[in-house]
Amino acid sequence: MLTPLDIENKRFSKSIKGYNLDEVDDFLDQLTIDYEKLYKENNGLKNQVDDLQKDLEHYKNVEQTLQNTLIMAQQTADDIKSNAQSRADQIIRDAQSEARRATDEITKEEFEIRKRIEELKRQLSVYKAKMEALLISQLEMLQDNKENEE
């Protein structure tokens with residue numbers, strides 16, 4: 001690629017029937033100025049493209065990092081949720097087990113209390129029968145004594 005300096009330093013051989021040297025020089029001067037502008041603009045755009053590509057690569061890396069972070073956060077959230085569910089299930093199982101144990105204990109106590117109530121009722125019946133027998137015998141004795149006195 002020609003540089004603006006190449007255009008400026010270009011010299012043509014002279015001939016008798018050639019172009020007007022001043023016009024060619026003026027044209028080359030104008031061409032050099034325009035070409036220099038385009039050359040600088042092209043280099044500036046190349047630099048800008050390089051900078052933008054570096055930025056793009058940086059943002060791609062940031063995006064990849066964010067995606068990886070989001071994936072790890074999701075996995076961590078899933079693990080926490082799973083652990084919490086397992087813990088909740090264990091708490092429920094423990095509570096159900098404790099409830100069954102308490103129910104069994106209360107049922108056993110109820111059985112013992114009913115058994116004791118039945119025993120006390122039976123003892124009361126025996127006591128009543130003995131008392132009745134004692135009272136009847138005492139009454140008979142009193143009647144016998146009364147008859148003997150008469």
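Expressed as a whole percent, the accessible surface of the chain that belongs to carbon and sulfur atoms is 56, based on a 1.4 Å probe.
Taking every protein chain into account, the 1.4 Å probe leaves Leu135 with about 110 Å² of accessible area, to the nearest ten. The GNM of the chain, with springs linking C-alpha atoms under 10 angstrom apart, assigns the highest mean-square fluctuation among Asp29, Asp79, Asp51 to Asp29. Compared with the dominant principal axis of the Cα atoms in the chain, helix 21-149 is inclined by about 0°. The Kirkwood radius of segment 57-111, taken over pairs of alpha-carbon atoms, gives through the Stokes-Einstein law at 4 °C and 1.567 mPa s a diffusion coefficient of 87 µm² s⁻¹.
Shape of segment 1-57 from the C-alpha gyration tensor: prolate (a/c of 1.5 or more and a/b above b/c, with a ≥ b ≥ c the square roots of its eigenvalues). For a straight C-alpha distance cut-off of 29 angstrom, the lysines reachable from Lys130 (same-chain residues fewer than eight places away being disregarded) are Lys115, Lys121, Lys146.
Counting only protein heavy atoms and a 1.4 Å probe, the chain has 94 square angstrom of accessible area per residue. With the Kirkwood sum run over all distinct C-alpha pairs, the chain has a hydrodynamic radius of 28.7 Å. Work through the residues other than Leu139 whose Cβ is under 11 Å from its Cβ and net out their charges, Lys, Arg +1 and Asp, Glu -1. Result for the local shell: -2.
Once divided by 2.2 N^0.38 Å, the Cα radius of gyration of segment 31-77 becomes 2.11.
Solvent-accessible surface (1.4 Å probe) assigned to Asp104 amounts to roughly 100 Å².
For segment 103-150, what does the equivalent ellipsoid look like in terms of its semi-axes, each the square root of 5 times an eigenvalue of the Cα gyration tensor, given largest first in whole Å? Please list the in-between numbers first.
On the way: eigenvalues 415, 3, 3 Å².
Working through the eigenvalues yields semi-axes of 46, 4, 4 Å.
Phe111 exposes around 130 Å² of accessible area when a 1.4 Å probe is run over every protein chain in place. Here Lys37 is the anchor, and the lysines within straight C-alpha reach of less than 25 Å, apart from those fewer than 8 places off in the same chain, are Lys10, Lys46.
The values are calculated or read from the model by the stated rules, or taken from the named source; none is laboratory data. Because the structure is a prediction, the values reported are computed rather than measured. Note: ideal-geometry Cβ built from the backbone for every residue, glycine included; neighbour counts use all protein chains shown. Remember, those area values only see protein heavy atoms, side chains included, never the ligands or the DNA or RNA. Shrake-Rupley method; radii C 1.70, N 1.55, O 1.52, S 1.80 Å.
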